[in-house]
Each structure stands twice: as C-alpha cells, then as structure tokens.
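S.K.: Input: one structure, supplied below.
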Amino acid sequence: MIPTQNRRILTFTAVYPCESVSITTLIDSLIKIAGEILSFKSKHFSTNKRSVKETLRHVLNLLIVFQEIRVGLIPADRSFPRSAILSLSELHVIFQKLMILLEECTREGGKLYMLTNSDQISAHFRVLTRSISTCLDTFPVGSIELPEEVKELIYLLIRQTRKYEARPDRDDKRALDSVYWIFNLFENRINPNRDEVVRVLDHVGVRKWRDCVKEIGFLGEEITVEGKDKNEIELLSSLMGFICYCRCVILGGIDEDEDKGEEEEDDLVIRGLNVDDLRCPISLEIMKDPVVLETGHTYDRSSIAKWFSAGNITCPKTGKNLESTVLVGNVSVKQVIQSYFKKEIDQKSMKKKTSIPESLAAEEAGKLISDFLAGELINGGPKEMVKALVEIRILTKTTSFNRSRLVEAGVVESLMKLLRPGDPTIQENAMAAILNLSKDIAGKVRIGGSGGGLEMIVEVLNEGARRESRQYAAAAIFYLSSLGDYSRSIGEIPDSIPGLLRIVKGCDYGDSPIRNALIAIRSLLIQHSDNHWRVLAAGAVSVLLDLVRSGEIGDGVKADSIAVLAKIAEYPDGMISVLRRGGLKLAVKVLGSSEVSPVTKQHCVVLLLNLCVNGGSDVVGALAKDPSVMGSLYTALSNGECGGGRKASALIKMIHEFQERKTETGLERERFIHAW
C-alpha cells in the first residue's frame, strides 16, 4: 500500500512516445499493450461492466489492425506516413490511460468505492473511446497497404467509437441505490434485509470474509488522504461501516490463517531491507509507481515520464539508447514498497480514526454489530462463537469507539466466562479481546468488576492452553495495573508475579512477550509499593540479572530488564539484593558498551544512581575506582533524553564529591602524621 496522500485514483499518467520512435517499435509496443488490456477480460469488474465489454471489443479489433500493419512491415521498415505515426502515437497514449483505468476498476479492495464512482468511471470510458475515433480519423488508411477487410474494420471502428455513449449500468444504479438505502437503515439503527445486502456484495464481487478485510483496508487508507472534503469523508466512513457490518454479520467463514501468513511474509520481506533500494534513481524519493525499462532498471513512473518528455530516449542509469519507451510495472518492487509502508499507513489510519466515526450510518452500524456479536457469544453455536470472538478481537484492536460499544453491549462478562479451560482457540481469542478492552477505562472497570475477573486472567497467565494466551494475559495485566486498586489486587494474587517471571524466563517466548511481562512487573511496582517485596520474594533480581547477562536477547528486553532493576533498587532491600548478585559491575559494563541503545544506557544510569543513593559511600567508592565510569557517564550526559541527562549529572556530582572528601581526608591524615 503506497502512501495514501500520493494514491492515484482515477487520474492518468501517460508517456507520449518519443518523436524519433521507429514504426516497428511503436507497433510492437501497441500490440503488447493491447494484449495486456485484453487480459482484463478474465477479471471481475464491480462497475461499468457493459462499458468494459465494449472497450475490450474495440481494443481487440484494433489489435487485428496493428497485427496486419506489423505483417506489412516485414522484412524491414518501409516508408510510413508521418501522419500515421502521429495517429498511432496518440493511440499508444490512449491505451496507457485505458490500462490505468482498468487497473483502477479492478483494484484490490476498492470494489465498493469504485461502485460509488460509477458515473465518473463511465465518463472516462466515454472520453477515451471517443478519443480513439479522433485518432483513427487522422489515420491515412488510403496511404497504407492493408487488406480491404482491415480497412473496412478501421472505418467500422471510427463509426462505433464516434457514436459511443457510455452510460452507467442499470445494475450499478440498482446496487448503489441499495447501498444508500442501507445507510438510511443504519442511521435509524435498523438491520437491513440480508438478501438485499448479499445482492450488493455479489454485484461488486465481495463474496468472502477476506474480501471484506481488503475493502476495509482500502477505505481506511482513503480516509487518510489529505484534502478530502467532509462529504467524501462521510461517504468513506459510511462505506466502512457497511462493509464491516457485512464482514461481521452477513458473511461466514474466516480465512484468518491466510491473513496471518501474509503478515508474517511481509515481515520477512521487510526485515533487513535497505530503503535506498526503493528510491527512484532520478528523484531519489521512494517510488510510488515503480516501472521497469528494457534495460532492467526500475524508476518511478512520473520521474521517467518527465525524463522522456524532455526528449531523452536513454536509460538514465546506464545511458543506453532505448528502442522502446514502454513502461512495464515492476510488480515485485511494488509489493515490497506496499509491505514497507503498511505499518506506517496503519499508524496514520489510527491517528485519523476518532472515538466516533465520521458518519451517523457508520456509528449506528457499529452499535448493530456490537449487539449482534454479543448475542452470538451467548446464543451461538461453537462455530458462530469462534467467528464472533475473532470479529471482537479485530474490532477491539482498532478504535476506542468499537471498544466502548462492545463493553456497553455486555461482551466482557461473556468473554470472561470463555477464559475457563476448554477449547484453546476460544480461550486465545477471548484473552486477546480482553487485552484490547483493557486499554480503555470503561473496559478496565468492567473487567475488574466482573467478579473474579483479575483472578481469571492470572489463571490464564499461568495455565493458558497456548503460549499466545499466556502472553496476552501478561499484556492485559500491564494495562489493568495502571489503576492503583487493581495493581494492589493483582499483586495480592499469589501466582501473578511468579507467572510474569515465568514468561520472562521462558526460552520459547520471543522478545515481545517478554517485554510485555517486564513492563507489567514494572507497572505493578510503580502503582503500588506493597508489590515491591512480592517481586523480591519471587526471585526477580536473579532472573533479571541473568537475562541482562544473556547475549540472546534484544536491546529492548535488556532496557526493560534494567528499568525493572532500577525500580527495585529504589528500596534498601532491593539495592542489597542487586549488589549481592553482581548488579553494580554488570550495570557499569552495559553502560560502557557500544552495542546498546541510549535508552538502555539511561536506565543503567538510573540503576547506578539508586544503588548509590541507598548504598552510600561504599557503592559510590566502588564506582569511583573504575576509570571507565566517568567517561561513560559524560557520554550518557551528552546523549541524555527523558531526564536521563539529569540523572547522569547527579551521579557524576556524587562521584566528584566522594573523591573530594577522600582527598580532604587524605590531606588531614598527612597533616596529622606530620604534626605527630
């Protein structure tokens, strides 16, 4: 998914063939692009099906003409009228625009949105088709040796394209009327007729759960595009509500595993990626529409189009003269760019999504969805229950509006019951949904007040059937512990802190689950002082120090571990526990390392400062003896962020004062000995 502010929707960028292009190259290029256009015959169009059919028929007839011209050019280029070359060049531009229009009409995830633009699409087909007539009018049919039937075909094409009147399909209008009627029903919080909704989905070609996911993703990106007016944003929001309703209420079956696989594949593609490889060699910007030349080098379409428009017919990177200026989309590079920008787009979409949707239809559709899913958890069979859980899990991950509506619909109580041992899939999805609901205050209150809710989450933390369920429970504890009373209550549950430490020690967990557990422990320490002795009693210091010593963890885990140790060292008994297990020496080593981040070093500074404050001159003296400490502290001081600089400054001051006192004591002793 390319950055949304640069998305090309129903706008056309075409490259005019260079003036010196040979007729053979031009005809070959026209034959090739005509073949690409005709390949769209097998694709589904959500709108203007009749216009597409007519257009493909015209292109097929033109392909016959091009092939006959090409046969006449064998064995070598013959003298060809200049007017014919100009006419064919104009056709080449029209074909490029047709390609883009057809790509837009079949854009993955944009089917419903294209239906709402059916009038505009119809107008584009009319303009481009009539442009074909204009080009053929200037084509010197009588000056070129062609079979009579081919000449008749050209005259037929001129008549057909000149009279062409593209009108929106009746089926498009019916489907669009149904969509707006359904919006009206949503606004009045009325569930639409299921058959009518299915007819709309069949018309646009949205038939599976995964199709809805793609539509929602596309609409979410469109909402983030800058410069859209209020009416268009409301329309996009209403479409989002409609397709989300279809996914949750109308369609059954979830191809969730396929979706997860794609995300994992995207991560593998992005990992280790050099962003410079995605930049256009001309503009040096990340490409939006990568195309490849005959030399094999890839450029951004707009940049290379400007290069050709300036009269250049060479490859900018190699300087090689080009026989053809045909631009072929680089699908593989485009997919990598889409994967690279996916997270950025998701984050931007989240910023745009407010607590309340942008339209009344979407808002009320959200309430209907919540009521439906809440009912499925209570009255649905096993299959319906699993689907409802997955939908709740997805919805609660998006906006606070979805979370609040689901809480109001009463899903928390049902979810808590589903955490009990049983079906591992049900438990995992229920725990994931609880995690998402715990991010908002209303969800926290309902979870904590559901009668044994906190105890149930701790039970999943320790005995969850799947590793994922246990790590979701750890993350939920972090969010819930932000309320002081809950922090105390969680700490009082005997297995809560030991359960978190088991995840920290678990060799089969990745960095993310371990960090969830670490920040949960730190939150418990911050929110309630009684949790301090519980963390010590659970043996946290040894576990954390061993983790920091391990070379198999990421810098984030190391930083979080040291942050928890620093919090523990705020108390004298915590300081003693850290010192006895070699924490001082380890912190100095990490502080002086060139392989850790500034954030990790800042946590080291805080840990050392707390050890010195509570350990007194003995600890400060031990630090002062290490010649590397002051240099590391001054580096931390210069890179200090988030208060880390002040902590480093305070620690430097303590060491200086200790050294001054030691010097004064030494001078006094010398004076005493001398006097004696």
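The values are calculated or read from the model by the stated rules, or taken from the named source; none is laboratory data. Worth saying up front: this structure is predicted, and the values here are computed from it rather than measured. Virtual Cβ from ideal backbone geometry, glycine too; neighbours counted across all protein chains shown. Only protein heavy atoms, including side chains, enter the accessible area calculation; ligands, DNA and RNA are left aside. Shrake-Rupley method; radii C 1.70, N 1.55, O 1.52, S 1.80 Å.
S.K.: Can you tell which of S133, S178, S118 is hydroxyl-bearing (S, T, Y) and surrounded by 18 or more Cβ atoms within 10 Å (Cβ to Cβ)?
M.R.: Just a single option satisfies the conditions, and that option is S118.
For (1) modelled with pLDDT of 80 or more; (2) in contact with a strand residue (DSSP E or B) (Cβ under 6 Å, 6 or more places away or on another chain); (3) within 27 Å of I37 (Cα to Cα); (4) surrounded by fewer than 18 Cβ atoms within 10 Å (Cβ to Cβ), each residue gets a yes or a no:
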site: L268; (1), (2), (3), (4): no, no, no, yes
site: M287; (1), (2), (3), (4): yes, yes, yes, no
site: P290; (1), (2), (3), (4): yes, yes, yes, no
site: G296; (1), (2), (3), (4): yes, no, yes, yes
site: S302; (1), (2), (3), (4): yes, no, yes, no
site: T314; (1), (2), (3), (4): yes, yes, yes, yes
site: T318; (1), (2), (3), (4): yes, no, no, yes
site: T325; (1), (2), (3), (4): no, no, yes, no
site: S332; (1), (2), (3), (4): no, no, yes, yes
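S.K.: Another question, if that's okay. Tell me yes or no: at least one residue of segment 569-592 is modelled with pLDDT under 85 and open to solvent by 50 Å² or more (accessible area, probe 1.4 Å).
M.R.: Looking for residues that are modelled with pLDDT under 85 and open to solvent by 50 Å² or more (accessible area, probe 1.4 Å), one finds none in segment 569-592, hence no.
S.K.: Checking N614 against (1) in contact with a Pro (Cβ under 7 Å, 6 or more places away or on another chain); (2) surrounded by fewer than 17 Cβ atoms within 10 Å (Cβ to Cβ); (3) modelled with pLDDT of 85 or more: exactly one of these is not met. Which one?
M.R.: Looking at each condition in turn, N614 falls short on (2).
S.K.: Here are K41, K32: which of them is within 24 Å of R174 (Cα to Cα) and either at pLDDT below 95 or open to solvent by less than 10 Å² (accessible area, probe 1.4 Å) (or both)?
M.R.: K41
S.K.: On the basis of being in contact with a helix residue (DSSP H, G or I) (Cβ under 6 Å, 6 or more places away or on another chain) and touching a residue at least 12 places away in the same chain (Cβ under 8 Å), does V225 make the cut?
M.R.: Values: in contact with a helix residue (DSSP H, G or I) (Cβ under 6 Å, 6 or more places away or on another chain): yes; touching a residue at least 12 places away in the same chain (Cβ under 8 Å): yes.
Yes; evaluated as a whole, the condition is true for this residue.
S.K.: Quick one: what pairs do we get from segment 5-22, first residue closer than 21 Å to Q120 by Cα and at pLDDT 65 or above, second open to solvent by less than 30 Å² (accessible area, probe 1.4 Å) and part of a loop (DSSP other than H, G, I, E, B), C-beta under 9 Å, 6+ apart or different chains?
M.R.: Once the first residue is closer than 21 Å to Q120 by Cα and at pLDDT 65 or above and sits in segment 5-22, its partners that are open to solvent by less than 30 Å² (accessible area, probe 1.4 Å) and part of a loop (DSSP other than H, G, I, E, B) give T13/D289.
S.K.: Now for a different question. Of the residues that make up segment 524-531, is at least one open to solvent by less than 10 Å² (accessible area, probe 1.4 Å), farther than 30 Å from D626 by Cβ, touching a helix residue (DSSP H, G or I) at 6+ places or on another chain (Cβ under 8 Å) and in a helix (DSSP H, G or I)?
M.R.: yes
S.K.: Considering only residues that are acidic (D, E) and closer than 16 Å to F308 by Cβ, which ones fall in segment 283-297?
M.R.: Quick first cut of segment 283-297, residues acidic (D, E) only: 285, 289, 294.
Across segment 283-297, the qualifying residues are D289, E294.
S.K.: Report yes if some residue within segment 433-445 is open to solvent by 40 Å² or more (accessible area, probe 1.4 Å), within 25 Å of G253 (Cβ to Cβ) and of a type in the set (A, V, I, L, M, F, W, C); otherwise report no.
M.R.: There is no residue in segment 433-445 that is open to solvent by 40 Å² or more (accessible area, probe 1.4 Å), within 25 Å of G253 (Cβ to Cβ) and of a type in the set (A, V, I, L, M, F, W, C).
S.K.: Continuing with the same structure: Pull out all pairs, ordered by first then second residue, where Cβ-Cβ is under 8 Å, the residues are six or more apart or on different chains, the first lies in segment 144-167 and is among the polar types (S, T, N, Q), and the second is open to solvent by 60 Å² or more (accessible area, probe 1.4 Å).
M.R.: Once the first residue is among the polar types (S, T, N, Q) and sits in segment 144-167, its partners that are open to solvent by 60 Å² or more (accessible area, probe 1.4 Å) give T161/R130.
S.K.: When only residues in segment 382-399 that are over 21 Å from I457 (Cβ atoms) and in a helix (DSSP H, G or I) count, which is modelled with the lowest pLDDT?
M.R.: My answer is P382.
S.K.: Please determine, by comparing only the residues of segment 53-64 that are of a type outside the set (D, E, K, R) and open to solvent by 10 Å² or more (accessible area, probe 1.4 Å), which one is farthest from A84 (Cα to Cα).
M.R.: The extreme case among them is L56.
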